[in-house]
Amino acid sequence: MSDDLILPPEVRLDPRLGPHGGQYVILTCAICGREVRHPLPWYRARLKRGVPPKTCSTKCGREYRRRRKEAAR
């Protein structure tokens, strides 16, 4: 099922399965470089909405938006 999934460069499929056999993706934060693990269905839903996560936390999210806003000026 996830064989046809095309992931962005900062996201990769986690080879380890979850406690009940679920698949996960590992996201590398665009700000601090920290790796966070999210369930694959949650990530797919975010992609479908057009809002893929790019940061590991709210703090990094604020910094990411601030940098994008400054770059747009």
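The angle between the Cα long axis of helix 58-72 and the main principal axis of the chain comes to about 50°, on a 0 to 90 degree scale.
Compute the whole-percent fraction of alpha carbon pairs in the chain spaced more than 15 Å apart.
Working: 1531 of 2628 pairs.
Summing the P(r) tail past 15 Å for the chain gives 58 percent.
Projecting label points 7 angstrom from Cα along Cα→Cβ for residue 51 and residue 6 puts them 2.4 nm apart. Computed 3J(HN,Hα) for the stretch 7-14, one whole-Hz value per residue from the Karplus formula 6.51 cos²θ - 1.76 cosθ + 1.60 where θ = phi - 60°, is 9, x, x, 7, 10, 9, 6, 7, glycine and proline marked x. Label-to-label distance for residue 17 and residue 65 is 3.9 nm, based on points extended 7 Å past Cα in the beta-carbon direction.
All of the numbers you see were taken from the coordinates with simple rules; none came from a lab. Values in this document were obtained by computation on a predicted structure and should not be read as measured data. FYI the Cβ positions are ideal-geometry reconstructions off the backbone, even for glycines, and counts take in every protein chain you see.
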